[in-house]
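For reference, the structure discussed in these notes is given below.
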Amino acid sequence: MNPSFISFFAIVITLVSCGLPPIPETYQVAFPPLPIAHAELLGECQWKLEYYDSAGNFRQKEVTTASAEIGLLQEWPNAILAWPYWPEKSLAAGLFYPAGAIFPLDVTGETIILSWEAGAEAYFYRELDKAQELNTGTNRAPMYFDWKRFRSLLQENSNSELRLDPWLADWKYVAERTVSSGFRQSYIRAEVRTGVEISVPHDGPWLTASPFRQPLFWKEGENQILFLSPRSEIFVCPGGRLSISSQMLLWIPFP
């Protein structure tokens, strides 16, 4: 059994033996503030929560308020994802990168503190879970992963691009390699990107899916070179959204 898994139970036993309050049955979820540019252009968002409940069942919960209450599986480390979305602009959950948390690292009292920084970690947790389900010949499920050490590695990563924006990495690839052959820090690197020239369809500012990137102030009719991976990315402006990859481009005006 993974040492970090054992240490988690040791903490629980210690807390109980010291007479401290028991672990809560439910937690309040505190959402992070939107990046300023997102809030100014799109307004307040709604959230789609994804987590495993106290019975171990995968749950999805749509939240329109500033906080939510959930029951959470607490027997081992767990991930919570919160996808922002704007239904009035047809910007569905999954287009913008999520906020997130890793239980119990991001718990304060009876509150789970979601952050944009932990969003990539929680997403990696979910991708590890999926990869493990497809690779039954290994036992590298995310519940046995050393998440505290992983967080430190991300913060210490020598790649300045990834420290500034962890979404430049392909976390699905990192998860698949980790499950098949074990985790290596060298897997965490920015994807190779291809320069693609586009004609800008609308005045900016333009937002990307990542909460860490600054808005782009393109003008309609300008030619811009974007460095893109094969994965589809979105760029959103006051008039609509641009879905684009190194292999496709689609402009969708807002309703």
Query - Answer residue from the range 200-240, given it is part of a loop (DSSP other than H, G, I, E, B), farther than 14 Å from Trp251 by Cα and of a type in the set (A, V, I, L, M, F, W, C) and is most open to solvent (accessible area, probe 1.4 Å) among those - result: Phe217
Query raised in the report: Any idea which residue in the range 110-150 is surrounded by the most Cβ atoms within 10 Å (Cβ to Cβ), counting only those that are free of Cβ contacts under 8 Å to residues at least 60 places away in the same chain and outside any helix (DSSP H, G or I)?
Result: Arg140
Query raised in the report: Which of the residues that make up the range 24-62 are within 16 Å of Pro77 (Cα to Cα), out of contact with any Phe, Trp or Tyr (no Cβ under 9 Å at 6 or more places or on another chain) and either open to solvent by 60 Å² or more (accessible area, probe 1.4 Å) or not in a loop (DSSP other than H, G, I, E, B) (or both)?
Result: Glu25, Thr26, Ser54, Ala55, Asn57
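Could you please find all residues in the range 170-192 being free of Cβ contacts under 8 Å to residues at least 12 places away in the same chain and either in a helix (DSSP H, G or I) or β-branched (Val, Ile, Thr) (or both)? Outline the logic, then answer.
Kept after step one, since they are free of Cβ contacts under 8 Å to residues at least 12 places away in the same chain, are these residues of the range 170-192: 177, 181, 184, 186.
Arg177, Ser181, Ser186, listed by residue number.
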Report summary line: Of the residues in the range 170-199, those that are under 29 Å from Gly239 (Cα atoms) and open to solvent by less than 30 Å² (accessible area, probe 1.4 Å) come to Ile198
Report task. Among the candidates Lys148, Lys130, single out the residue that is basic (Lys, Arg), within 23 Å of Ala93 (Cα to Cα) and modelled with pLDDT of 90 or more. Result -> Lys130
Query raised in the report: Given the structure, is Leu153 assigned to a helix (DSSP H, G or I) and either acidic (Asp, Glu) or over 27 Å from Leu207 (Cα atoms) (or both)?
Result: yes
Report summary line: Scanning the range 144-187 residue by residue, those among the hydrophobic types (A, V, I, L, M, F, W, C), farther than 30 Å from Leu250 by Cβ and in contact with a helix residue (DSSP H, G or I) (Cβ under 6 Å, 6 or more places away or on another chain) turn out to be Leu153, Val179
Query raised in the report: If you scan the range 80-95, which residues turn out to be out of contact with any helix residue (DSSP H, G or I) (no Cβ under 8 Å at 6 or more places or on another chain) and aromatic (Phe, Trp, Tyr)?
Result: Trp83, Tyr85
Query raised in the report: For the range 241-250, which residues satisfy the criterion of being among the hydrophobic types (A, V, I, L, M, F, W, C) and either part of a loop (DSSP other than H, G, I, E, B) or buried (at least 17 other Cβ atoms within 10 Å of the Cβ) (or both)?
Result: Leu242, Ile244, Met248
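So, of the residues in the range 156-169 that are not in a helix (DSSP H, G or I) and not charged (D, E, K, R), which turns out to be surrounded by the most Cβ atoms within 10 Å (Cβ to Cβ)? Outline the logic, then answer.
Quick first cut of the range 156-169, residues not in a helix (DSSP H, G or I) only: 157-159, 165, 169.
Filter again for not charged (D, E, K, R), leaving 157-159, 169.
On the way: Asn157: 16, Ser158: 7, Asn159: 13, Ala169: 21.
Per the criteria, the residue is Ala169.
The values are calculated or read from the model by the stated rules, or taken from the named source; none is laboratory data. The shown structure was predicted, so the numbers you read here are calculated from the model rather than taken from an experiment. Quick reminder, even Gly has a Cβ in these numbers, built from the backbone with ideal geometry, and neighbours come from all protein chains shown. Areas reflect the complete protein model, heavy atoms only, side chains present, ligands, DNA and RNA absent. Shrake-Rupley method; radii C 1.70, N 1.55, O 1.52, S 1.80 Å.
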